[in-house]
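S.K.: Take a look at this one; I'll ask things after.
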Amino acid sequence: MEDKKTLRIGLIGYGFMGRTHSNAYKRLGDFFPELAYRPVLKAVCARNEERVKAFADQWGYESIETDWKTLIARDDIDAIDICTPNNMHAEIAIAAAEAGKMVLCEKPLARTVAEAQPMVDAVEKAGVKNTVWYNYRRVPAVTLAKQLVDSGKLGKIFHYRANFLQDWTINPELPQGGEALWRLDNDAAGSGVTGDLLAHCIDTAMWLNGGIKDVSAVTETFVKERLHQSTGEVQKVGIDDACIFHCHFDNGSLGLFESTRYARGHKALYTFEINGEHASIRWDLHDLTRLEYFDHRDDSVVRGWRSIHVTDGDQPYMDKWWVPGLSIGYEHTFVHQVADFLKSLETGESCSPTFKEAQETQKVCEAVLKSAESRSWKETGVDW
Ligand SMILES: NC(=O)c1ccc[n+]([C@@H]2O[C@H](COP(=O)([O-])OP(=O)(O)OC[C@H]3O[C@@H](n4cnc5c(N)ncnc54)[C@H](O)[C@@H]3O)[C@@H](O)[C@H]2O)c1
């Protein structure tokens, strides 16, 4: 342990993602002992001193800050981890890169393409390591899907289909803005389900199936006005509550995507399915250890969908955990991303998705919103 190099983390924001990332930094060394680097929980930053102190005590951070600028200015921090609402990503990331810090930023990279571009420029100009937490790539079953697609097993791809369905904003009395409800406030979030949920689907889709060329979308805001927690007034809702789009991929396949927070009964139903010439695969976040696979080349009498329990040592990441047949879960996707980030420090390679790659997802999100607004097809300008 002691002869390891350290990566001193400065975490900003101790909400949902602050917890998943802290857990990942803490678990990492136990399960990836071969890595040359180990994370050190140097400091956590949030505005409320009492609460950030309590978080630091609970999770084992050495110190606290209440101003992220002070955190970035510290010499004893190597990497800034941004777990704040979307409207805070750009300012913090650019300042961190300019100070020579590595940057791990939560998704979506920013609210718009224009806001994200100087972030990409800043990390590239400073030459600092960067990554964006599109963590679903690192579900072992999803990584296995990538290996299967890349191996050519599916043959030519015809269709890519993805959903991300939730039901937590149906209540019209739910306010917008303020603590924990910033996702309903367009100023803070930048968009509704498009940037929050579809961004995940788009990142995974382009990683698995290549660039998205053009899109045609429809969005809806079912609840038009909500009380704003910060102003105390009932205000127009600016976010998209639901979004459906279809698209062409660069490889000629068709894509169909749907996301909503109004699908009663669904909490985080992220699913995707890919149909190729020889084989199809599908995956479901609610049953995340399984990858379903159908291969038309199988002997016809036993041909059918098989459900692969992705827990064996020769499947992605699984040699690090328990024994075959025993599952891991959601939190491990973040451990895997930290492991891959630390590995990238050793190899000098980048830890995908980088800011530049996440900017391509941003372009699709923006084209989707523009398409819905103008009721017309939009080119994404994606360079994958
Ligand atoms: N990768 C994923 O699957 C995933 C899941 C959830 C959220 N996210 C992303 O993570 C980010 C945070 O989301 P969350 O769910 O953790 O939100 P959250 O509301 O639970 O936490 C946000 C935190 O940011 C802090 N914060 C806000 N403004 C700040 C400031 N000026 N200085 C310091 N701290 C400040 C808040 O105090 C809070 O601790 C968002 O960008 C979101 O899109 C990603």
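The numbers here are math on the coordinates, done by the rules we state, and not lab data. From a predicted model like this one, the values you see are computed outputs, not experimental measurements. Virtual Cβ from ideal backbone geometry, glycine too; neighbours counted across all protein chains shown.
S.K.: If you place +1 on the Cβ of every Lys and Arg, -1 on the Cβ of every Asp and Glu, and leave all else neutral, what size is the dipole of the stretch 205-296 about its Cα centre, to the nearest 20 Debye? Please list the in-between numbers first.
M.R.: On the way: 9 positive and 14 negative charges, 79 e Å.
My answer is approximately 380 debye.
S.K.: Taking the Cβ of R290 as the center, what net charge do the other residues with Cβ under 12 Å away carry, scoring Lys and Arg +1 and Asp and Glu -1? Before the final figure, lay out each step's value.
M.R.: On the way: positive: R282, R306; negative: D284, D287, E292.
Residues close to R290 contribute a combined charge of -1.
S.K.: Could you give the nm distance between label points at D319 and D298, where each point is 7 Å from its Cα heading toward the beta carbon?
M.R.: Modelled inter-label distance: 2.7 nm.
S.K.: Remind me, what semi-axes does the chain give for its equivalent ellipsoid, largest first in whole Å, using sqrt of 5 times each Cα gyration tensor eigenvalue? Mind dumping the intermediate values first?
M.R.: Values: eigenvalues 202, 158, 76 Å².
Taking √(5λ) for each Cα gyration eigenvalue gives 32, 28, 20 Å.
S.K.: Relative contact order of the chain, please, whole-number percent, based on alpha carbon pairs below 8 angstrom and at least 6 residues apart. Don't skip to the answer; put the middle values down first.
M.R.: Working: 854 pairs, mean separation 74.3, N = 384.
Taking the mean separation of contacting Cα pairs over the length of the chain, I get 19 percent.
S.K.: Only counting other Cβ atoms within 10 Å, I'd like W133, W168 sorted with the fewest neighbours first. Write down the numbers at each step before the final one.
M.R.: Details: W133 25, W168 12.
Ascending number of Cβ neighbours within 10 Å: W168, W133.
S.K.: Among rounded, prolate and oblate, which fits the stretch 1-133 when a ≥ b ≥ c are the square roots of the eigenvalues of its C-alpha gyration tensor, a/c under 1.5 means rounded, and a/b larger than b/c means prolate? Intermediate values should be presented prior to the final figure.
M.R.: Details: a/c = 1.67, a/b = 1.25, b/c = 1.33.
Since a/c reaches 1.5 but b/c is at least a/b, the shape of the stretch 1-133 is classed as oblate.
S.K.: Over the Cα atoms, compute the radius of gyration (one decimal) and Dmax (the largest Cα-Cα distance, rounded to a whole number) for the stretch 257-384, in Å.
M.R.: Values for the stretch 257-384 (Cα only, Rg and Dmax): 18.8, 53 Å.
S.K.: Are there GluC sites (Glu not before Pro) in the stretch 223-268 that DSSP marks as loop and that have at most 13 other Cβ atoms within 10 Å, and which are they?
M.R.: Working: sites: E225, E233, E258; in loops: E233.
Those that pass, being in a loop and sparsely packed, are E233.
S.K.: Okay, next question. Sum up the charges of everything whose Cβ sits under 9 Å from the Cβ of A90, counting Lys and Arg as +1 and Asp and Glu as -1, but leave A90 out.
M.R.: Summing Lys and Arg as +1 and Asp and Glu as -1 gives -1.
S.K.: Taking the Cβ of F164 as the center, what net charge do the other residues with Cβ under 14 Å away carry, scoring Lys and Arg +1 and Asp and Glu -1?
M.R.: Details: positive: K107, R161, R183, R261, K267; negative: D167, D196, D203, D240, D241, E258, E273, D284.
With Lys, Arg at +1 and Asp, Glu at -1, the neighbours total -3.
S.K.: Which order do T84, T361, T66, T231 fall in if you start with the one that has the fewest other Cβ atoms within 10 Å?
M.R.: On the way: T84 22, T361 31, T66 15, T231 11.
Final ranking by Cβ density, sparse to dense: T231, T66, T84, T361.
S.K.: Can you give the calculated 222 nm mean residue ellipticity of the chain, where each DSSP H run of n ≥ 4 adds -39,500 (n - 2.57) and the sum is split over every residue, rounded to the nearest 500 deg cm²/dmol? All intermediate terms of the calculation are to be shown ahead of the outcome.
M.R.: Values: 10 runs with 120 residues, N = 384.
Rounded to the nearest 500, it is -9500 deg cm²/dmol.
S.K.: Going through the stretch 2-93, which GluC sites (Glu not before Pro) have at most 10 other Cβ atoms within 10 Å and a DSSP loop state? Please report the intermediate quantities before stating the final value.
M.R.: On the way: sites: E2, E34, E49, E50, E62, E65, E91; in loops: E2, E34, E62.
Filter output for the stretch 2-93: E2, E34.
S.K.: If you rank V234, V215, V323 by fewest surrounding Cβ atoms within 10 Å, what's the result? It would help to have the intermediate numbers written out before the result.
M.R.: Values: V234 12, V215 26, V323 9.
With the fewest neighbours first, V234, V215, V323 line up as V323, V234, V215.
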